[in-house]
Amino acid sequence: MEEESDTRKINNSFLRDHNYATEADIISTVEFNSSGELLATGDKGGRVVVFQREQESKSQPQRRGEYNVYSTFQSHEPEFDYLKSLEIEEKINKIKWLPQQNAAYFLLSTNDKTVKLWKISERDKRPEGYNLKDEDGRIRNPLTITSLRVPVLQPMDLMVEATARRVFSNAHTYHINSISVNSDLQTFISTDDLRVNLWNLEITDRSFNIVDIKPANMEELTEVITSAEFHPQQCHTFAYSSSKGSIRLCDMRQAALCDKHCKYFEEPEDPSTRSFFSEIISSISDVKFSHNGRYLMTRDYLTVKVWDLQMENKPLETYQVHDYLRGKLCSLYENDCIFDKFECVWNGSDSVIMTGSYNNFFRMFDRNTKRDVTLEASRENSKPRAILKPRKVCVGGKRRKDEISVDSLDFSKKILHTTWHPHENIIAVAATNNLYIFQDKVN
């Protein structure tokens with residue numbers, strides 16, 4: 001990153017009535033579409049909010065890049081499984097956009113059990129002049145119709161409609177943690193703790209189980225699946241990560257059930273650093289292919305690792321996200337923060353990676369220069385076009401004026417969900433119930 005990209009300029013921040021924020025307002029996923037013109041967020045209340053990028057105008061060129069609310073809809077409702085006496089939360093776990101193929105937009109959203117395909121379309125005309133009904137919709141008496149009219153389309157105020165086109169349900173016994181759209185644009189996978197299911201986007205009443213790690217005796221269970229993703233170019237290849245810190249690459253051409261992986265990525269553990277927390281902090285919370293399909297990025301509790309698909313025995317690069325927390329694992333275990341699941345994202349050229357931390361900090365690592373920066377998304381610096389200053393955390397000894405002590409970090413403020421514009425240096429960061437959008441400094 002160049003010197004000036006160490007300071008990010010806030011483009012906008014969307015604050016959902018922060019004084020009265022409820023549990024339902026907490027953002028649980030953020031995702032740009034393939035063009036970057038739309039940005040979707042899902043929250044714990046089952047709602048999806050889609051933001052659209054402002055079009056460039058000659059009178060206000062600086063407004064280009066601002067994102068405004070485009071559509072809001074209720075994607076999932078709370079349900080109750082009467083057979084198992086379980087409540088099914090409405091919380092949106094993941095949103096994935098389908099590449100745009102016509103004027104409408106399509107996205108997949110999922111809660112713990114059900115995946116839905118939504119169509120978001122615009123309507124700015126309405127038909128008038130029906131023969132069999134009045135303008136207010138009442139059916140006309142056919143005996144009173146003396147002449148035929150040709151219906152015409154009349155202009156109306158722009159309306160954005162969201163309609164559920166498909167509902168993919170009843171395929172997961174355990175909670176869905178990720179979904180991924182295939183590059184063939186015909187199929188997608190949904191993943192829970194023990195299984196990966198393959199769906200056709202046109203067929204809702206059946207799916208194919210392609211990974212099943214459930215043992216015959218559940219007492220023998222040693223690991224769970226934490227995330228899965230399709231390769232961006234090879235439609236037969238996908239990867240899934242586990243709570244034991246390993247990643248398996250599978251090829252669907254080899255067998256219908258991909259129980260045997262074709263590649264296995266795992267870093268050998270250093271016996272000298274083994275502790276009670278080793279297994280917990282090695283659990284992978286997110287796995288992402290690079291855009292060029294050559295690398296895999298994984299996030300565990302303390303690090304981000306980049307793996308070359310041709311090298312299975314160790315990661316190509318390892319970045320420390322918040323190594324200063326290594327001495328605080330005991331208290332993080334007691335307050336359950338050690339189980340937080342942080343996501344990671346690539347920039348459009350795969351040269352910079354980003355992931356979240358605590359105290360509303362998020363980290364960026366430049367893979368070429370090996371420089372990194374810590375930035376903060378907070379209400380104090382959320383004025384539009386304000387410059388973000390790099391933050392530093394002080395572990396011990398004398399604290400400088402611009403540093404923050406590790407003991408004063410707020411662990412209730414955490415950035416778990418981030419996304420990067422596919423072509424530009426624009427990022428979206430979810431901090432509890434607030435969405436911040438930053439862009440590279442513009443002179």
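The values are calculated or read from the model by the stated rules, or taken from the named source; none is laboratory data. Keep in mind that what you see is a predicted model, and the values were worked out from it rather than measured. Positions of Cβ are backbone-derived with ideal geometry, glycine not excepted, and every protein chain shown enters the neighbour counts. In case anyone asks, the SASA skips ligands and DNA or RNA and just uses the protein heavy atoms, side chains included. Shrake-Rupley method; radii C 1.70, N 1.55, O 1.52, S 1.80 Å.
Shown in residue order for region 417-422 are the 3J(HN,Hα) couplings computed by the Karplus curve 6.51 cos²θ - 1.76 cosθ + 1.60 at θ = phi - 60°: 10, 9, 8, 10, 3, x Hz (x for Gly and Pro). With all protein chains kept in place, the per residue accessible area of the chain amounts to 50 square angstrom at a probe of 1.4 angstrom. Note that region 66-77 has calculated 3J(HN,Hα) couplings of 6, 10, 10, 4, 10, 7, 10, 8, 8, 7, 10, 10 Hz, one per residue in order, obtained from phi through the Karplus relation 6.51 cos²θ - 1.76 cosθ + 1.60 (θ = phi - 60°); glycine and proline are x. Length, then width, then depth: along the principal axes, the Cα atoms of region 133-266 run 77, 34, 28 Å.
The listed residues SER290, SER243, once ranked by accessible area (1.4 Å probe) with the largest placed first, stand as SER243, SER290.
Build a GNM of the chain with springs between Cα atoms under 10 Å apart, and of SER35, SER285, SER178 the one that fluctuates most is SER35.
Full extension of the segment from VAL69 to ARG326, taken as 0.36 nm per residue of separation minus the current Cα-Cα distance, would add 88.5 nm.
For the residues THR146, THR222, THR374, THR204, a 1.4 Å probe over the protein chains yields an accessible-area ranking, largest first, of THR146, THR222, THR204, THR374. Sites listed here are chymotrypsin sites (Phe, Trp or Tyr not before Pro) in region 259-331 whose DSSP assignment is loop and whose Cβ has at most 13 other Cβ atoms within 10 Å: PHE276.
Expressed as a whole percent, the accessible area of the chain that falls on carbon and sulfur atoms is 49 (1.4 Å probe). Around the Cα centre of region 188-276, unit charges on the Cβ atoms of Lys, Arg, Asp and Glu (plus for the first two, minus for the last two) sum to a dipole of about 240 debye.
Can you work out the base-10 log of I(q)/I(0) for the chain at q = 0.06, 0.13 1/Å, using the Debye formula on its C-alpha atoms alone? Values, matching the q order: -0.29, -1.25. Counting only protein chain heavy atoms and rolling a 1.4 Å probe, the accessible areas of MET354, MET156 rank, largest first, as MET156, MET354.
Remark: the GLU77-LEU132 segment gains 16.1 nm on full extension, using 0.36 nm per residue and subtracting the alpha carbon distance.
Have a look at ILE415, ILE225, ILE213 and tell me which one the Gaussian network model of the chain (Cα, springs below 10 Å) gives the largest fluctuation. Between ILE415, ILE225, ILE213, it is ILE213 that shows the largest mean-square fluctuation. Helical content alone sets the calculated 222 nm signal of the chain at -500 deg cm²/dmol, taking -39,500 (n - 2.57) per DSSP H segment of four or more residues and averaging over every residue.
Within the assembled protein chains, the solvent-accessible surface assigned to HIS291 is about 90 Å², based on a 1.4 Å probe. Taking all protein chains together and rolling a 1.4 Å probe, PHE80 ends up with roughly 90 Å² accessible. Remark on the chain: CYS235, CYS262, CYS330, CYS337, CYS344, CYS394 stand apart, with no other cysteine beta carbon under 4.7 Å. Net length available on complete extension from GLU202 to LEU316 is 37.1 nm, with 0.36 nm assigned per residue and the Cα-Cα distance removed.
Loop-located trypsin sites (Lys or Arg not before Pro) in region 190-245 (DSSP state other than H, G, I, E, B) with a sparse environment of at most 16 neighbouring Cβ atoms within 10 Å: ARG206, LYS244.
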